[in-house]
Amino acid sequence: MKKESGLGIVLMIIIVCAIVAVAVGLFYWYRNLKNDVKDSSVKSDMLLIEGAGKVSYESNVMNKTTDKLIGTKISEVEKNENIDKYIIEAFKATNTIDEGDYDKYYILTNDDLKELKLEVTNKEGSYYIIGYEKDDVIITEGYEGKYRLSEINKEDNKEPSEESNNEDNAETSEEKTEQSSEDKEGAGNEK
């Protein structure tokens, strides 16, 4: 009887450890899934802003009213009480935009985003910034260490091509190995 109860305790410990391992695995899986959804949301919001910005800018160019672009110029941020100056000063410290270009980039508040007819809002503690003339969209909090949409898209487009290059290199080295094996066999048959 004592041996059976000792075996039961060991079995119970193994079962508890397995349950804990599954729970931890599910927690990390869910957290990664949640981060992936957030990441795709930021990128899609930036793409929407870029598209709406192009339409707005082209409309203003056609009407010869480029002084009526939506948003607040970074160079004029002190004039707008609705913008958190701390966030903008912290963003300026990243040197993502040259100081001489501050008058070409516009900070978009949630009201500005609505005026662009977008159902997008700024993320908490961050603003979207648009450079109408340069078709450039920036997020002040950064996204995986990058601030510009063009940098984010470049990184996303680079990853699959690297994988395919690795696969191509693997296939090429397999073909070379097969070819050298055939060459050795052919040389052995000639002797």
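Quick note: the coordinates plus some simple rules give every number you see, no bench work behind them. It should be emphasised that the depicted structure is a prediction, and the values quoted were computed from it without experimental measurement. When we count neighbours, we look across all protein chains shown, and the Cβ atoms used for this are built from the backbone with ideal geometry, even at glycine.
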Given pairs 64/146; 79/154; 34/73; 34/117; 34/104; 34/79 and cut-off 32 Å on Cα-Cα distance, the over-length ones are 64/146; 79/154; 34/73; 34/104; 34/79
Taking the Cα centre as origin and putting +1 on Lys and Arg beta-carbons and -1 on Asp and Glu beta-carbons, what dipole magnitude results for the range 44-162, to the nearest 20 debye? 320
Positive end of the dipole of the range 74-124, charges at C-beta (+1 Lys, Arg; -1 Asp, Glu), about the Cα centre: which of 91, 102, 120 has its Cα farthest in that direction? 120
If contacts are Cα pairs under 8 angstrom and at least 6 residues apart, what is the relative contact order of the range 44-162 in percent? 27
Nearest 0.05, what FRET efficiency do residue 144 and residue 22 give at R0 = 25 Å with Cβ-Cβ as r? 0.30
Compute the separation of the alpha-carbon centres of the range 96-114 and the range 121-141 and state it in Å as a whole number. 7
Check each of the GluC sites (Glu not before Pro) in the range 59-118 and keep only those in coil by DSSP with at most 13 other C-beta atoms within 10 angstrom; list them in order. 81
Please list, ordered by chain and number, the residues whose modelled amide H lies under 5 Å from the amide H of residue 141; skip anything fewer than 5 residues away on the same chain. 127
Long-range alpha-carbon pairs in the range 1-150, meaning those over 28 Å apart, account in percent for 37
